[in-house]
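**Q** Here you go, one structure.
The numbers here are math on the coordinates, done by the rules we state, and not lab data. Everything numeric here is computed off the predicted structure, so don't read it as measured data. Cβ: placed from backbone, ideal geometry, glycine included. Neighbour counts: every protein chain shown.
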Amino acid sequence: MATLEQLMRADQIEAGEARQHWFLDYEAAEKVNTWPLIAYLLTAMFCLGFSTICHLCYVKSARISAIVSSLDYWGISILFLGSSYPFISYKYACGPYIFWRYIFMTCISTLTIACMVITLKQSFDSPGKRAILFTAFGASVLVPKVGLELWKDPRYTLEPNLAPFGFALLAYVTGMFFYVSKVPERFSKTGRFDLFGSSHQ
């Protein structure tokens, strides 16, 4: 029968062999990177701030309305970027996935910039086009998720928890539905939802 010391030594050897599969050293692996969460919170604040500026100033003039509307769309784009960083950063944090983390983050960042440039065009200013653009942009986050499912390795990944991911996706799609369909204010001609309960809220 093995002694406690022998068992501990065997665990240390096994742990040492497992560490060879990681690109991060032990000290780095012990620390949880908080920058993705900070990025998410900052982008959420930017989105809400830009939206506030838009809704305060868009009635000033047609020119200012166009400018602050673009600012509002920029906030949405930035929030998509910030909400995808934590998922990609934490799910692709170890082993052979590190390379793909940088690839996916670069792609999402590039798509964000492209989306921001597209929103500056006058031809973009219709609810249908906005819905298509932002739905496609939001769906692009599925690519890293599918990649994780295809390449998952039990040495580096935990069993995926799809509930939060599915909830976020459902929230985005539901919000887009209310935004495009203008429910409930389309059923009220009296301006009842001007201050509270509008589809944009």
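**Q** Once R0 is set to 22 Å, what does the formula 1/(1 + (r/R0)^6) return for the Cβ-Cβ distance between residue 167 and residue 142, expressed as a FRET efficiency to the nearest 0.05?
**A** It comes out at approximately 0.90.
**Q** Which trypsin sites (Lys or Arg not before Pro) from the stretch 78-136 combine a DSSP loop assignment with at most 16 other Cβ atoms within 10 Å?
**A** 121
**Q** Return the subset of 91/182; 129/189; 60/129; 91/129 for which the Cα-Cα distance in this structure is over 27 Å, preserving the input order. Could you put the intermediate results ahead of the total?
**A** Working: 91/182 36 Å; 129/189 25 Å; 60/129 25 Å; 91/129 32 Å.
Distance filter (> 27 Å) returns 91/182; 91/129.
**Q** Roughly how compact is the stretch 32-153, stated as its Cα Rg over 2.2 N^0.38 Å to two decimals?
**A** In units of the 2.2 N^0.38 Å rule of thumb, it is 1.19.
**Q** Which order do the peptides 136-149, 50-63 take when ranked by the mean count of other beta-carbon atoms within 10 Å per residue, highest first?
**A** Working: 136-149: 15.6, 50-63: 13.6.
Going by the mean number of other Cβ atoms within 10 Å, highest first, we get 136-149, 50-63.
**Q** Modelling each spin label as a point 7 Å along the Cα-to-Cβ direction, I'd like the residue 44/residue 132 distance in nm, to one decimal.
**A** Computed distance between label sites residue 44 and residue 132 equals 3.2 nm.
**Q** Contour minus end-to-end for residue 65 and residue 107, with contour as 0.36 nm per residue of separation and end-to-end as the Cα-Cα distance?
**A** Going from the current span to full extension adds 12.1 nm.
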